[in-house]
Every structure is written in structure tokens, then in C-alpha cells.
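Here the structure comes first, spelled out in C-alpha cells, and everything after it is commentary.
Just so it is clear, none of the values below were taken in a lab; they were calculated from the coordinates. Note that the structure is a prediction, hence the values are computed from the model and not measured. Don't worry about glycine lacking a Cβ; one is built from the backbone with ideal geometry, like all the others, and counts go over all protein chains shown.
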Amino acid sequence: MTEQQNESAATPARIAKVQRLVGVKGMNDVLPPDSARWEWLEDKVRNLMGRYAYRNIRTPIVERTPLFVRGLGEVTDIVEKEMYTFDDRLNGDSLTLRPENTAGVVRAAIEHSLLYDGGKRLYYIGPMFRHERPQRGRYRQFDQVGAEALGFGGPEVDAELILLASALWVDIGLQDVRLEINSLGQPGERLEHRKALIAHLERHSAQLDEDARRRLYSNPLRILDTKNPALQEMVAAAPRLLDFLGPESMRHFESLRAILEANQVPYTVNPRLVRGMDYYNLTVFEFVTDRLGAQGTVCAGGRYDYLMEQLGGKPAPAVGWALGVDRVLELLSTQGHMSSEPQLDAYVVVTDAVFLPRVLHCLQRVRASGAQVQMHSTTASTMASMKSQLKRADSSGAAYALIFGAEEMANGEVTVKSLRDGAGSQVRHPINEPELWAPTLQSRR
Ligand code: ATP
Ligand code: MG
């Protein structure tokens, strides 16, 4: 391309014709002020996890595909149809955007021998990716908070995790979620149940949908998790796993229930509750709501004592849950939880561009003191009138205006004008000693 052509390519008329790019379907932008609600929830989570001694773990968003195939199970919704899988351009490795993070956490724990000196309590916050049909509460990129307790076998840790989630609902004021629990027993017990279940399903084979027919022998338990309303009655009449539990599994379940009851955590035993991944055994649970339609599960988890081994690590018991941040925030919205703009402490009015170097130096120190300060700026390079700047200051919601005018600057001062006390009281302060007066800007917080 010649220089001349290049120049014409950059004319505004040409730019206007360029097609607008939009984001990926089912993957959302979170914009201010709504993003403040996400930060608020994340702060609550971090604080809570600290109180239960859960430590943050950050694993990559991309893992090798076999991790999920082996970890979650081949015949699961996620592995069969929801994963974003692609080949590494350079070496052809099959990689997958994580659809969930338990497998990643366990992979990291094995890789770094995290359990060498005992169990670990871990948590994460971050995006997951599943190729699903986008709808309210169901997206292709969504955030999960997860808590995983690795290396602990006792029912008190199952209980701890459920109590932790219950405490979060209290901390954030979430109402209308109820807890359902079940026990999937141990593999041997499941095998017996499986035979009875297959026999039941075979008796109703005419009713089965395509998914169910395909899973009849590969993963019949998963059929109990079907979202197809036409199958509900047949599923409700299926043999219950609970009836196949041996005394040890039963004891584990009863101990968990006793702790929940001592804490007055209401729950129902749902014998049909199975989870979407293969790795669970013994305890499984979900916190559900009726307010989000088919997307009613806000938090789900259970015990996965065989996953470590299945992923090549030393056998170790484990239990955990994950909650959908999008769904929790949506549920809070239905309760009237709104985002609020953060409150500014001060809005800065500057009448002449020649003052800017001194003003910005002063503001740097004001902000170091902790005050939240916004400068007046516009698209024009000339300064707006004092009057229009003060109008902006007023509508910004700031507690104070910091006025750097000609008279102030000549005296090495700034006027601090109160915008919220009705009287509009004004005080002059020295520009070069902001540490002396800047802390008073935060009086409203
Ligand atoms: P569902 O039955 O609704 O498909 P799931 O069993 O696939 O959920 P998990 O894999 O257990 O869900 O994930 C834990 C939590 O993550 C869910 O309870 C939900 O709150 C959230 N979640 C799962 N998939 C999505 C999604 N596509 N969009 C938003 N949140 C999701
Ligand atoms: Mg799902």
C-alpha cells in the first residue's frame, strides 16, 4: 500500500463504515455500576473463607482435555457436549477451557504434592466455560466460587462446607434457598443399585428419551439427573440409592445430618439427587431456589474420595462445592439488591490548564491519604467555566469540591467546599501539606 492510499484509509468516513464487533453469545460484559455488586460479593467470599481457614488457589483457565474427560467422566453433559476444546497450534495438544475447577484444583494438588503434610482447605473465584444454550442464569462464560477440602474424610468436613455456604447466605442476605442432601454411597453399593436401576429403566424403556437410552448401560445414574419433565414420574419411581447404603455409609450420612440439625440448618433429603459429574460418592448436596426457573441450583457439591486416585495421585478423600456467582447475584436482584455507585469524597475543579502540574501533584498525595477523588475532565482540551465544573461536582455525588482557582493558586492554597452540608461552607488549605487536611475529606465514610 502506498503512503497516499494508507492515508485515505484512515479518514473518518472510511472508519465509520467498519462493521461493529460484538462479544461472544452467552459471554457477558459486567459494567459499572453493576460490577460493584460482583466486587462486593467477592469481598464477602474472601472474608468468609478466611474465617473458615480456606486459602486461595489460582489455577489456569486452560487445562489439558483428558483432565476433564477422566475427572468428570466421559458420559456426562459437560464432557459430551459442553466443553470448549481446541488444539494447541504448536504441538497439537488438546486443550479445554475449564468447565469447572475441581479437576484443576485436584490436578494442581497432585502436581505440587500439596497434601504431603496433611489436608488442605482451598477456595477459588473465577470464570468457567460451557457451551450451553444461553438463557437467564445459564451462560457460556460464568463465574464460580468454589471451596474444596482435600485430604479430609470425616462427615464434619462435609458439614463444615455446608455451614460455610449457609453463613455466606446470611452474610449477603440471600433468602429463599433451601438445602437438599443425599448420599450416593460407595462404589460397591452403587453397583448393586445400578443393577436394580437398569432393571427399572428397562421396564420403562419405551418412555426413555434419546439421552436416557444412550446412557442406560453406560451411566444410568445420570438419567436420574434428567431435566426432561416427561421422565420425572418414571425417575421418581426408580430404586433409591439410599436403600442400598451399608452401615458405614449410613453412619457418615447420619453424622452429617446430626451436625446440620445441631446448627438448625434446615434441609430435606432428596433421594433423587445425583450430581452432574461422575466423581462424587457419599454426600452430595445442592442449595436450590424456585425463583430462577430451570436454573434453580445456586450451589452444588459433595464428596469425591476417588478423584485424587483417578487423576494419578495418592488416594485421598475430599469434599467441595461450587456456587454460580451469576445466579446468586440474579437471585439477590429479585430481592431488590441493587448496585450503588461508590461515593466520591471529592470532585476537583481547576480553572486554568497552567495549574495542572501542581494540582495533580497535590491530588496524588490526597489520594495517598485514602480519599476517593475525581478530576473534572471533558473531551475538549480547554478548561470549562468554574460554574459548569461546580455543577458537575454537585451532580457527581461527591462530598466536597476541591477548587483550584487563580486566587487559590496565587496563595498556594485550595478551597475545600462542602457540597452536602446545605450551607456550602468553604475552607482554605495549603496545597503543599495535603496530609494535614485530606483525611477530613473522608468524614462521610
Ligand atoms: P445445572 O444443573 O443448572 O446445569 P450443573 O449441575 O451443571 O448445573 P455444577 O457443574 O454443579 O452445575 O456447577 C455449580 C454451580 O455453577 C451451579 O449450581 C450453578 O449455580 C453454576 N452454573 C453451572 N452452569 C452454569 C452456567 N452455564 N451459567 C451460570 N451458572 C452456572
Ligand atoms: Mg449443567
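Can you give the Kirkwood hydrodynamic radius for segment 44-85, in Å, rounded to one decimal and based on Cα pairs? The partial results should precede the final answer.
Numbers: mean 1/r = 0.0789 Å⁻¹.
About 12.7 Å for segment 44-85.
Could you work out how far apart the two model spin labels at GLN374 and GLU132 are, taking each label as a point 7 Å from the Cα in the direction of the beta carbon, and quote it in nm?
3.6
Post the alpha-carbon centroid distance, segment 110-187 to segment 33-86, in whole angstrom.
9
Which percent of Cα-Cα pairs in segment 240-285 sits in each 5 Å bin, short to long?
5, 18, 28, 27, 17, 5, 0
Which aspartates and glutamates, if any, have their Cα less than 18 Å from the Cα of LYS417, not counting same-chain residues under 8 positions apart?
Within reach: ASP345, ASP394, GLU407, GLU408, GLU433, GLU435.
Enumerate the whole-percent occupancy of each 10 Å bin, from 0 to the last occupied one, for all C-alpha pair distances of segment 346-442.
Over segment 346-442, the share of Cα pairs per 10 Å bin runs 17, 55, 28, 1 percent.
Taking amide H positions as placed in the peptide plane 1.01 Å from N, state which residues far from ASN28 in sequence (5 or more) or on other chains have amide H under 5 Å from it.
Residues meeting the criterion, in which the H sits 1.01 Å from N, are GLN141.
Pop the C-beta distance of LEU216 and ARG178 into the FRET formula with R0 = 22 Å and round what comes out to the nearest 0.05.
Using R0 = 22 Å, I get an efficiency of 0.10.
What is the calculated FRET efficiency for ASP171 to HIS112, with r their C-beta to C-beta distance and R₀ = 22 Å, to the nearest 0.05? Could you put the intermediate results ahead of the total?
Details: r = 31 Å, r/R0 = 1.40.
Once the sixth-power term is evaluated, E becomes 0.10.
If all Cα-Cα distances of the chain are sorted into 10 Å bins from 0 onward, what percent lands in each bin, rounded to whole numbers?
4, 16, 22, 19, 14, 12, 9, 4, 1, 0
What whole-number distance in Å separates the alpha-carbon centres of segment 368-445 and segment 301-338?
Centre-to-centre distance over Cα atoms comes out at 47 Å.
Under the definition of Cα pairs under 8 Å and six or more residues apart, what whole-number percent is the relative contact order of the chain?
For the chain, the relative contact order is 15 percent.
Stokes-Einstein D for segment 250-336 at 4 °C, 1.567 mPa s, Kirkwood Rh over Cα pairs, in µm²/s?
The calculation lands on 88 µm²/s.
Multiplying the sequence separation of ASN411 and ALA262 by 0.36 nm and subtracting their Cα-Cα distance, what value in nm do you get?
My answer for the length gained is 46.8 nm.
Return the subset of LYS17/LYS387; LYS25/LYS81; LYS44/LYS314; LYS195/LYS227 for which the Cα-Cα distance in this structure is over 28 Å, preserving the input order.
As for pairs spanning more than 28 Å Cα to Cα, those are LYS17/LYS387; LYS44/LYS314.
Whole-Hz Karplus ³J(HN,Hα) for segment 310-319, in order, using 6.51 cos²θ - 1.76 cosθ + 1.60 and θ = phi - 60°, x for Gly and Pro?
Those phi angles translate into 5, 9, x, x, 5, x, 7, x, 6, 8 Hz.
What shape does segment 385-445 take by its C-alpha gyration tensor, where a ≥ b ≥ c are the square roots of the eigenvalues and a/c under 1.5 counts as rounded, a/b above b/c as prolate, and the rest as oblate?
It comes out oblate by the Cα gyration axes.
Against the longest principal axis of the chain, how steep is helix 35-51, in degrees 0 to 90 to the nearest 10, with axes from Cα atoms?
Helix 35-51 and the main axis of the chain meet at about 60 degrees.
Using the Karplus curve 6.51 cos²θ - 1.76 cosθ + 1.60 with θ = phi - 60°, work out ³J(HN,Hα) for each residue of segment 81-89 in order, rounded to whole Hz, and write x for Gly and Pro.
Here the 3J(HN,Hα) series is 9, 10, 8, 8, 10, 8, 8, 4, 4 Hz.
If R0 is 51 Å, what FRET efficiency do you get for ASP394 and ALA199 from their C-beta distance, rounded to 0.05? Could the numbers behind the result be given before it?
Details: r = 75 Å, r/R0 = 1.47.
Calculated value: 0.10.
How many nm separate the modelled label positions at LEU360 and ASP290, each set 7 Å beyond the Cα in the direction of the Cβ?
5.9
Please determine, in degrees from 0 to 90 and to the nearest 10, the orientation of helix 155-172 with respect to the longest principal axis defined by the Cα atoms of the chain, where the helix direction is its Cα long axis.
The angle comes out at about 30 degrees.
Please compute the modelled spin-label separation between GLN442 and ALA230, points set 7 Å along Cα→Cβ, answer in nm with one decimal.
For the pair ALA230/GLN442, the computed spacing is 6.3 nm.
If you restrict to DSSP beta bridges whose two residues both lie in segment 346-442, what percentage is antiparallel, to the nearest 5?
55
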